[in-house]
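Worksheet for the structure shown next.
The values are calculated or read from the model by the stated rules, or taken from the named source; none is laboratory data. Everything quoted here is computed from the prediction, not taken from an experiment. Don't worry about glycine lacking a Cβ; one is built from the backbone with ideal geometry, like all the others, and counts go over all protein chains shown.
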2 protein chains.
Amino acid sequence: MITLDLSLPDTRYPIHIGRDLLDDANLILPHLPQRKVAIVTNTTVAPLYLARLQGALEAAGVAVLPIVLPDGEAYKTWDTLNLIFDALLSSRAERKTTLIALGGGVIGDMTGFAAACYQRGAPFIQVPTTLLAQVDSSVGGKTAINHPKGKNMIGAFYQPRAVIADMTLLDTLPQRELSAGLAEVIKYGLLGDADFLAWLEANMARLVARDHDALAHAVRRSCEMKADIVAQDEKESGVRALLNLGHTFGHAIEAGLGFGAWLHGEAVGAGMMLAAALSHELGWIDAAALARTERLIAAAGLPTRAPDLGVDAWLEHMSHDKKVESGRLRFVLLKALGQAAIVDDVAPEALQRVLAGPYIRRDTAY
Amino acid sequence: MITLDLSLPDTRYPIHIGRDLLDDANLILPHLPQRKVAIVTNTTVAPLYLARLQGALEAAGVAVLPIVLPDGEAYKTWDTLNLIFDALLSSRAERKTTLIALGGGVIGDMTGFAAACYQRGAPFIQVPTTLLAQVDSSVGGKTAINHPKGKNMIGAFYQPRAVIADMTLLDTLPQRELSAGLAEVIKYGLLGDADFLAWLEANMARLVARDHDALAHAVRRSCEMKADIVAQDEKESGVRALLNLGHTFGHAIEAGLGFGAWLHGEAVGAGMMLAAALSHELGWIDAAALARTERLIAAAGLPTRAPDLGVDAWLEHMSHDKKVESGRLRFVLLKALGQAAIVDDVAPEALQRVLAGPYIRRDTAY
């Protein structure tokens, strides 16, 4: 097991990365202010892992309230969040009851937001069960639910007490979701580490085949980079926005198709391709770099072509992005492979050329 | 105008107390990261004060989005909160758009919570229009909505950028609401300042008659005490719980009768009476002190008798209190007039005697 330390002005917490961590209650016990927890999970993860985690905690004398939610991005709503509040209040959970998120990014985001709001703030712990959640959403304290008018529009910055990333849980992950997680891994290479990007190009086949050692390295390097960026800018007033590489386009894809049609990571994959294409359009990366990006995204099993939303819909959905400031779209683009920058003065013509270009599918199938 | 300074580990903000402050945009402008605000108010306050505040801001070049909600504690719900989110998203409000709460405690709590959650945190400013909000809820950063199973169960600690308390706005306040605000003023005297308590006994008639100077002194002393306590304990891990004097009983009254039947301050008035009676039952304050408390609460126009919820309902509703820890009820009681303490080992028999005693009404009318 490797343990990274995420240090913030007001708090610090460990990120444990390893194998068979789910059965080790000692990773959780030191963080409980009282021996009572609610495990929030979903109908897909519960049959696989709930009994193991619950059993380990109960054997250590912890009272466990399981809360099982429906599965999917489409349920990342207030109504589902309210199921958590109903269960907590019905069982008289106190403000020192710890919420444990056992699931992917949707479960982590909702459980974290529920913890942020329950009695104005209860402790919580992340036990991510997808690669995407392990490398991205479980670390850094961004929590949220979706609103019909925009993804993650209602939420909080609220840090967990610990993150436990167990590689063995990825054995049961559907291949499509593994690929979706690899999108965020590729993102870290593209935005800030050319060496890691080269390592990913050399090892993508091992990752797709779920080699535990390769996955552990990818999770470690991704979490190191995320921890470093979040420590510099917890509330996303500056450098943290770099983590949104591919996400402005990606969120528009998700909103345009309806949340849940594409996986978040798939939308980020195609979104990174559009960000790279726009960077190429602006003359910052050359055709060879663009081709390398496309090969890597494709090797991860991700789409390299975005759906054709139509220019108006692209602009409409991107205008709801949380990075918009004084009405200006802000993009995270590539100055080079391994070096991203935030840009708010993209010429409309360049954007239009990308949205009319080869990285948009002209048919309707995916 | 007097300006108090509330200093917290992560932030500090001014509390302005005075006359005709509503027209002074210069109190607001320094706190706006962009010249766009949403003024959140209700159907009662809007006809009285919205145009004045909106006009002052627009004259200073600020774009204003008014959001007018239905009035009343019964609307302190997710559905009403969502009206704020809908309006913000429909008008493409960004995360640097400032929310201004123009109203009483319900508007302040909801606007603050909306600001805490909107795009994970937008700035907000409190312009309280009731005495209760001026002396209590607008200061200190507690925000929340109600849940059918408990008051203020869903919320956040989230501080405003500024608080503007304009005494002249109290001229239009219904007498019943003025009294409700005086409950919180009396609370400060009872919990921590015997001199202020004596001043209140001598000046209650002036306060009830809305003498602006007397009100300004009461608001100032209340805000000073609140600022001092919040600065010591922002997240209510200790001394801040003293501010809940009368509130454990009071919340049970509100929940037992249905939110909105009694005003919050009325419930706190009767709740302080029960807290004083329990303190007397435990031998901490004598009969003369109990009688002084009763006279002061009555002089403010507040009920000194709680409704008869029945012992089971009292215990049920109090068990949902956020101060409950490891299943134990915690009360804020009086060691003396002007000195409160947190107590978690009240003998059940003493509590039962109070709930069967003279400060519970045996008829059903109020």
Output the residues belonging to segment B:298-345 that are assigned to a strand (DSSP E or B) and of a type in the set (V, I, T).
B:V332, B:I342, B:V343
Inspect segment B:151-164 for any residue being part of a helix (DSSP H, G or I) and either within 20 Å of B:G141 (Cβ to Cβ) or touching a residue at least 60 places away in the same chain (Cβ under 8 Å) (or both) and give the result as yes or no.
no
All but one of (1) of a type outside the set (A, V, I, L, M); (2) modelled with pLDDT of 95 or more; (3) more than 19 Å from the chain's Cα centre (by Cα) hold for B:E94; state the number of the condition that does not hold.
(2)
Closer than 19 Å to A:V106 by Cα and modelled with pLDDT of 95 or more: does that describe A:D195?
no
Given the condition charged (D, E, K, R), under 28 Å from A:P70 (Cβ atoms) and surrounded by 15 or more Cβ atoms within 10 Å (Cβ to Cβ), answer yes or no: does some residue in segment A:274-293 qualify?
no
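Answer yes or no: is there a residue in segment B:263-274 that is aliphatic (A, V, I, L, M), free of Cβ contacts under 8 Å to residues at least 40 places away in the same chain and in a helix (DSSP H, G or I).
yes
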Is one or more of the residues making up segment A:48-59 within 14 Å of chain B (Cβ to nearest Cβ), crowded, with 20+ Cβ neighbours inside 10 Å, modelled with pLDDT of 95 or more and touching a helix residue (DSSP H, G or I) at 6+ places or on another chain (Cβ under 7 Å)?
no
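Each row is one residue, and each column tells you yes or no for (1) free of Cβ contacts under 8 Å to residues at least 24 places away in the same chain; (2) closer than 30 Å to A:G150 by Cα; (3) not hydroxyl-bearing (S, T, Y).
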position	(1), (2), (3)
A:L21	no, no, yes
A:L27	no, no, yes
A:A38	no, yes, yes
A:V68	no, yes, yes
A:Y75	no, yes, no
A:A116	no, yes, yes
Within segment A:309-318, can one find any residue that is within 14 Å of another protein chain (Cβ to nearest Cβ), of a type in the set (A, V, I, L, M, F, W, C) and closer than 28 Å to A:Y75 by Cα?
yes
In this structure, is A:A180 more than 9 Å from chain B (Cβ to nearest Cβ), closer than 29 Å to A:L200 by Cα and in contact with a Gly (Cβ under 6 Å, 6 or more places away or on another chain)?
yes
Of the residues in segment A:30-86, how many are among the charged types (D, E, K, R) and within 11 Å of A:T98 (Cβ to Cβ)?
2
Looking at segment A:13-32, can you tell me whether even one residue there is modelled with pLDDT of 95 or more and within 14 Å of chain B (Cβ to nearest Cβ)?
yes
Just checking, does segment B:223-246 include any residue being buried (at least 24 other Cβ atoms within 10 Å of the Cβ), part of a helix (DSSP H, G or I) and in contact with a Pro (Cβ under 7 Å, 6 or more places away or on another chain)?
no
Please determine, by comparing only the residues of segment B:68-87 that are more than 12 Å from every other protein chain (Cβ to nearest Cβ) and charged (D, E, K, R), which one is surrounded by the most Cβ atoms within 10 Å (Cβ to Cβ).
B:K76
Of the residues A:L274, A:L302, A:L263, which single one is among the aliphatic types (A, V, I, L, M), closer than 25 Å to A:A133 by Cβ and at pLDDT below 95?
A:L263
On the basis of being under 30 Å from B:A93 (Cβ atoms), surrounded by fewer than 16 Cβ atoms within 10 Å (Cβ to Cβ) and among the hydrophobic types (A, V, I, L, M, F, W, C), does A:A347 make the cut?
yes
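Among B:I154, B:I145, B:I164, which is the only one that is closer than 25 Å to B:T98 by Cβ and within 14 Å of the chain's Cα centre (by Cα)?
B:I145
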Qualifying positions in segment B:208-235 - closer than 16 Å to B:P9 by Cα and out of contact with any Phe, Trp or Tyr (no Cβ under 8 Å at 6 or more places or on another chain)
B:A227, B:D228, B:I229, B:V230, B:A231, B:Q232, B:D233
Within segment B:128-148, how many residues are within 14 Å of chain A (Cβ to nearest Cβ) and either polar (S, T, N, Q) or in contact with a Phe, Trp or Tyr (Cβ under 8 Å, 6 or more places away or on another chain) (or both)?
8
